[in-house]
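Down below is the structure, laid out as structure tokens.
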Amino acid sequence: MWNGRYRRRRAIGSGGMGTVFLAEDTRLGRDVAVKTVKSDHLEASQRDTVVARFRREARTAAATEHPNLPVVYDAGLDDEDDLYLVMEHIKGVSLDGPVDEGEPLPAVDVMAIGMQAAAALDALHSHGIVHRDVKPANLLLNEKGTVKVVDFGIATDTEGRTTRLTRTGFEPGTPEYQAPELLHGQRPEPRSDLYALGAVLYELATGAPLFAEAPSLYEVQRAHSETSPRRLDHPGLNALIANGLLRKSPSDRPATARDVYLRFRDLFTATDPAPETERLYGNPTLPLLIPSTPPTAVPMAPRILARNDGDRSAAADKAYREGDYRKALAEYRNLAEELEDTDPPAAFTARVRSVESLHRLGQAAVALQALESLVSQRRSQAPADESVLRAMLLYGRYLHSAGRTSEARRWHEATAAEAETLLGPGHPVTVEARNALAVPLPAGTPQDAHPPKARQ
């Protein structure tokens, strides 16, 4: 047990610097991940300095709060003077899984993963931390589609002061994903992380590692320094990854992770949602299609058109009525982002409308999951009101259309009871919920809360 609080369960990972354990936080009753670094991995002559730096960087990591980074809870020395770091336990899969399948991911998935990972790197870089080991194994994807960038064991600050948590002579990082300047012994910088991200995304987009044809690790490293990657089939990904992130000179790459995030965002927004398929991993587009909160701390780019909220709402409603659901999805999503800080209830309504647009685009499963998340989060933030109850009613309809009729009935019963208490027995929401119980909708034909008009 660490600090008399974290009870060890089992090892869930290991590497050159230590072991990661699944543990129980006995005080709060939750699972945590505890990363340990054995004392004999530290250089004795600099032990005090290393411990002090470890603690400082643990504090920095704890302060770097971001939805795409694991939460750091605690750090210290155990009874054997081994370093330990207590973090959020992420229930998900590493991108090693999709990579090992050897099949390219849909382009929109690559964009979504790149967008989320770039947002995490921007948060790290803004706190003076260079990751230095961005690779598929250090990108985790949970069941909700959120990407988490993990493992800062060899992170360094932007002044080049690496935390010495490695054995003497051990070269930190993974050569297959290292930027050319690091292979040449130069100091790591934020754009070194961007190159590594490019190598990961190239692998996801093609189903094969960058320079997979090289016969040895030496030849792979040489190719990273001298050989241009093959062209990607998708023009937008090719421009940003092969001809951007993977440029040999750091000065030729995008300037910052923030720039990378914004460019991926523009690509993603202009791309149709991928067809619904069974994934062996979470859907990384989900947090971006219908974000319950803004998906990243990175500021959004200036709007192309300066319009007030009423104009944007009218444009979104018009696109929806005319059956242009892709445009409506983008308009409602942008409207929600603009209203998030000034009018949360209106932002919630816009997000619900974006869910309806997504459902009309044939993304029924994604819409159902997104609506459940929206309702759950909104109810945790404020008392239920008419907009929440309408969203609950819509969720029941979507459940029924998915063939989950018993769940739909329970949902309508709860909605009807709550609406009657809050709004009264004669309110339209209460009546609709009661009617849904009395005459169930035919499976497969959900009615949106805002049905469109037929095209002329």
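Read-outs: derived from the displayed coordinates by stated rules, not from any lab. Remember, predicted model here, so these are calculated numbers, not experimental data. Every residue, glycine as well, gets a Cβ built from its backbone with ideal geometry; the counts of neighbours run over all protein chains shown.
Table for the structure above
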item	result
Integer Hz, Karplus 6.51/-1.76/1.60 couplings in order for the range 174-186, x for Gly and Pro	10, x, 5, 10, 8, 5, x, 5, 6, 5, 9, x, 7
Hz values of 3J(HN,Hα) by residue in the range 190-195 - Karplus curve (6.51, -1.76, 1.60), Gly and Pro given as x	x, 6, 5, 5, 5, 4
Packing rank of 90-100, 344-354, where each peptide gets the mean count of other beta carbons within 10 Å, highest leading	344-354, 90-100
Cβ charges +1 (Lys, Arg) and -1 (Asp, Glu), total dipole of the range 92-269, debye	480
Residues of type aspartates and glutamates that Lys248 reaches as a straight line, Cα spacing below 12 Å, ignoring anything fewer than 8 places off in the same chain	Glu181, Glu226
10 Å binning of all Cα-Cα separations within the range 302-438, expressed as whole percents from 0 upward	13, 38, 35, 12, 2
Selected from Ala336, Val366, Gly403, residue furthest toward positive end of dipole (the range 302-438; charges at beta carbon)	Gly403
Environment charge at Thr26 (Cβ cut-off 14 Å; Lys +1, Arg +1, Asp -1, Glu -1)	+2
Paramagnetic reach from Leu22 (point 7 Å along Cα→Cβ, amide N under 12 Å) across the range 87-101	89-92
Segments 27-37, 138-148 sorted - mean Cβ within 10 Å per residue, highest first	138-148, 27-37
Charge dipole (debye, nearest 20) of the range 64-151; +1 at Cβ of Lys and Arg, -1 at Cβ of Asp and Glu	560
FRET efficiency estimate (nearest 0.05) - Cβ-Cβ, Glu88 to His427, R0 30 angstrom	0.10
Computed label-point distance, nm, for sites Glu213 and Ala417 using a 7 Å Cα→Cβ extension	6.6
Dipole magnitude (debye, nearest 20) for the range 330-369, charges at Cβ of Lys, Arg, Asp, Glu	300
